[in-house]
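First up is the structure itself, then whatever we jot down about it.
The values are calculated or read from the model by the stated rules, or taken from the named source; none is laboratory data. Computed from a prediction, not measured in an experiment: that's the story for all the values here. Positions of Cβ are generated from backbone atoms using ideal geometry, with glycine treated the same way; all protein chains shown enter the neighbour counts. We work out accessible area using only protein heavy atoms, side chains counted, and drop any ligands, DNA or RNA first. Shrake-Rupley method; radii C 1.70, N 1.55, O 1.52, S 1.80 Å.
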Amino acid sequence: MEVSGSFRRILVLAFCVAGIWSAYIYQGILQEAVSTKRFGPDTERFQHLAFLNLAQSVVCLLWSFIMIKIWSDGSSGGAPWWSYWSAGITNTIGPAMGIEALKYISYPAQVLAKSSKMIPVMLMGTLVYGIRYTFPEYVCTLLVAGGVSVFALAKTSSKTISKLAHPNAPLGYTLCFLNLAFDGFTNATQDSITARFPKTNAWNIMLGMNVWGTIYNMIFMFGWPTAMGYEAVQFCKRHPEAAWDIFLYCLCGAVGQNFIFLTISRFGSLANTTITTTRKFVSIVVSSLLTGNPLSTKQWASVSMVFSGLSYQIYLKYKKLQRIPRKKKTT
């Protein structure tokens, strides 16, 4: 009986891994395709990458609403939708910067830069709040920071540069790190909301965030006659292939969120972190092999440095979680 239960748990974990990997790796391929591909006989580029955020917000809003209707037991007590207004602002600006960075740097570079979230977190924690971190935590940060720096300074292949709309590495990396800074505020605000409203579930958060994301993105995209949203819609009408790629991109994001919530609820946030971190590494490999973004030996070494640091960080979290039950037993 116990063996069958363990086997079922392993199957569920494998299902979660397959779901997260397939959804987000394919989403990355689509994101790279939309940002670099030339559409139609006139070889037009899709320049309005921020439109992806609006489309993603609308699809995730509808998805979370449907999930709440299907799975909600009708109980109240969760955070009201209007409480997400401030997190909605940063969650609109941050991802827009991350997507916009693809005009200036390659997809592998963007993934690697966005993997270094711990750097601004530790920097702000030390400078603003006076938090002291352990030596192994600083080792993790140095590995990640060093890896991202080496990758940024290494020479990018001419084939990769030719795909970019406006090659500009300093601007691209700056946008990625601003994205991380805004993400940090978003995560902190979400934690504050869930602390004030403990009955808030993942679907409530997804709904509240995407209500405001849709509102802000609609204002930004269609708030005045010459806004870029109108041009983006016209582009999709001229090139249905681009519209289909954008729809699939949004659908992958919504499905991926499903698997993330399932993983966290069944196996905890550490398992989810491990799966998503390895997924990022695989995304870089897939981008390099399938979409023609060759990396130099130095760049592969820097990728290994970053993911060594991230893997060590996961290991430290695992050891920390193991110490908690021991403390409870001794007390």
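General remarks:
- Relative contact order (%) - criterion: Cα under 8 Å, at least six apart; region: region 199-304: 10
- For region 136-174, applying the loop criterion from DSSP together with a ceiling of 13 other beta carbons within 10 Å to the trypsin sites (Lys or Arg not before Pro) yields Lys155.
- Normalised by the number of residues in the chain, the mean separation of alpha-carbon contacts (under 8 Å, six or more apart) gives a relative contact order of 37 percent.
- Anisotropy class of region 18-130 from Cα gyration tensor, a/c 1.5 cut: oblate
- In the full protein context, region 76-124 carries 35 Å² of accessible surface per residue, based on a 1.4 Å probe and ignoring ligands, DNA and RNA.
- Neighbours of Cys236, meaning other residues whose beta-carbon lies under 12 angstrom from its beta-carbon, give a summed charge of -2 when Lys and Arg score +1 and Asp and Glu score -1.
- Whole-Hz Karplus values for region 20-33 come out as 5, 4, 5, 5, 7, 5, 5, 4, x, 4, 5, 4, 5, 5 Hz, taken residue by residue from phi with 6.51 cos²θ - 1.76 cosθ + 1.60 and θ = phi - 60°; glycine and proline positions read x.
- Ala50 long-range amide H proximity, modeled H, under 5 Å: none
- Loop-resident sites, region 52-160, for chymotrypsin sites (Phe, Trp or Tyr not before Pro), counting at most 16 other Cβ within 10 Å (DSSP): Tyr129, Tyr133
- Taking each DSSP H run with n ≥ 4 as -39500 (n - 2.57) and averaging over every residue of the chain yields -27000 deg cm²/dmol at 222 nm.
- Separation of the Leu321 and Leu127 label points, Cα + 7 Å toward Cβ, nm: 3.2
- Prolate/oblate/rounded call for region 188-243, Cα gyration tensor, a/c under 1.5 rounded: prolate
- Per-pair calculated FRET efficiency, R0 = 41 Å: Thr134 and Ser157 via Cβ, rounded to 0.05: 0.60
- Value of relative contact order over region 25-138, rounded to a whole percent, pairs C-alpha under 8 Å and six or more apart: 24
- Distant-in-sequence amide contacts of Arg45, defined by a placed amide H-H separation under 5 Å and a gap of 5 or more residues or a different chain, comprise Phe39.
- Which listed pairs, of Lys163/Lys280; Lys69/Lys317; Lys114/Lys155; Lys37/Lys155; Lys37/Lys114; Lys103/Lys155, have C-alpha distances above 25 Å, in listed order: Lys69/Lys317
- Global form of the chain, assessed from the alpha-carbon gyration tensor, a/c cut-off 1.5: oblate
- Label-to-label distance, nm, for residues given as Lys69 and Ser22 (7 Å Cα→Cβ offset): 2.6
- In this Cβ point-charge picture (+1 for Lys and Arg, -1 for Asp and Glu), the chain has a dipole of about 1200 debye about its Cα centre.
- For region 120-219, the alpha-carbon coordinates run over 51, 43, 21 Å along the three principal axes, in decreasing order.
- Among 35-43, 232-240, the order from most to least packed when residues are scored by Cβ within 10 Å on average: 232-240, 35-43
- Sorting Ile10, Ile25, Ile215 by accessible area puts them as Ile10, Ile215, Ile25; the probe is 1.4 Å, largest comes first, and only protein heavy atoms count.
- In order along region 111-119, the Karplus-derived 3J(HN,Hα) couplings, from 6.51 cos²θ - 1.76 cosθ + 1.60 at θ = phi - 60°, round to 4, 5, 4, 6, 7, 9, 4, 5, 5 Hz, and Gly and Pro are given as x.
- Counting protein heavy atoms only, the chain has 67 percent of its accessible area on carbon and sulfur, 1.4 angstrom probe.
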